[in-house]
Amino acid sequence: MQTTQNTVKIALAPGNLRRVHHIALNVRDMNASRHFYGTILGLHELTGAEIPASLTEMVAAGKVANFITPDDGTVIDLFWQPDLEPPNPDPEKAFTRANHLAFDIDRDLFDRALEVLKSNQIAIDSGPVTRATGRGIYFYDPDGFIIEIRCDPV
């Protein structure tokens, strides 16, 4: 969690975070969720060569499905979690379906983002990590929700 200190030592400039890159959601029933996002909401499901190479095995195994929004290309990743508990009927309880929110940043600004997080004593969950899909760092917002800042691979 972020400290209660309100003094910002350094910060990313407005516009450094370019867009929401993806939203990752945990789902219990992959078929129902694919139907909902693809058929009911009309989002395009990534297939074949559209699937990032780093996810093809997981998609083929039915563990991940990827949909894309038509406006800015935000990807909605569905991660199959068959043992996921049903949502709590009390809306005051924490929402458990979302995994994290990911922001895209230019590769040249990634280290600056890491410096900003550390300087402001933001609790890091993991990273930086380097994968075939790029580089990322996962950290917590003030309510404990995981946020990612990521950049494309070199």
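Just so it is clear, none of the values below were taken in a lab; they were calculated from the coordinates. Note that the coordinates shown come from a computational prediction; the quantities given were computed from them, not determined experimentally. Note that we place each Cβ from the backbone using ideal geometry, even for glycine, and neighbour counts take in every protein chain shown.
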| note | The answer for the longest stretch of the chain without any exposed trypsin sites (Lys or Arg not before Pro) (DSSP loop, at most 16 further Cβ atoms within 10 Å) is 98-154
| request: State, as an integer percentage, the relative contact order of the chain based on alpha-carbon contacts under 8 Å between residues 6 or more apart. | output: 30 percent
| query | What are the residues whose amide H is under 5 Å from the amide H of His22, where those residues sit 5 or more places off or on another chain and H is modelled from the backbone? | reply | Val75, Ala102
| With Cα atoms, 0 to 90° folded angle of helix 110-119 axis to the chain main axis | 60 degrees
| In the set (1) 54, 41, 25; (2) 46, 42, 26; (3) 51, 33, 31, which value of Cα extents along the principal axes in Å was calculated from the structure you see? | (2)
| note | Note to self, the chain gives a 222 nm [θ] from helices alone (DSSP H runs n ≥ 4, -39500 (n - 2.57) apiece, / all residues, nearest 500) of -3000 deg cm²/dmol
| said: Test of understanding: extend the Cα→C-beta vector of Ala98 to 7 Å, then name every residue of region 30-47 with backbone N under 19 Å from that spot. | reply: 37
| query | According to a simple spin-label model (label point 7 Å from Cα along Cα-to-Cβ), what is the distance in nm between Arg131 and Ala53? | reply | 1.6 nm
